[in-house]
């Protein structure tokens, strides 16, 4: 047997000064672990939209083609999204998602931002006035068990830049707070299906008629894989089943191949 040095606490053989030769033999014998480097949680962008002249990009923030919504949103690069997307109210834009990884981590992770097309055509700012909400539910049904619910406050603004849809095809990201309306943190598990929902409660959500945003310019389909320091993560999508009552029972058109939720921002 090779002359590996095996630590033995019974006779303090593992204590004291180890020379480099002892360390080398212990490593070769599998008795000296590699240096532990703790993982630092990070934020990653996972694009669902694939098209446009300026495509959304994935990876560690910041994403150069989509901008975070704080109090006032900034619009992403032109060409990121395309096509008008209207809102009639009392319906929802929803997509089901599951995140997996190849390094064995079960969780938790959180969704900290969701894509939303830029708005037109009025200048000025529009206060939400309680007419919309964002929800994460379990499973692939919009009537699944509610895990996280944010009734957007009045000071959450949608910015209108006074341009038509053809000149306003960027993407903004709705920043989600750490705690929802009821004080709940979002703790999601890898390998589990959830559904992200924009709830549009009222047909007076916008102050004037014909207010539209833009939809995704093509999508990556049912999945997208992003490299991370630990290996890779894959986000899978599918069109949910719509049921229940109120806004969550009716789709506003988002599916695997079109619509809102153009990009996900996750943290783990």
(message) Sort 267, 261 by Cβ crowding within 10 Å, fewest neighbours at the top.
(response) 267, 261
(message) For 48, 248, which order do you get if you count the other beta carbons within 10 Å of each Cβ and list the fewest first?
(response) 248, 48
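No value in this document is a laboratory result; all are computed from the given coordinates. From a predicted model like this one, the values you see are computed outputs, not experimental measurements. Please note: Cβ atoms are built from the backbone with ideal geometry, for glycine as well, and neighbour counts cover all protein chains shown.
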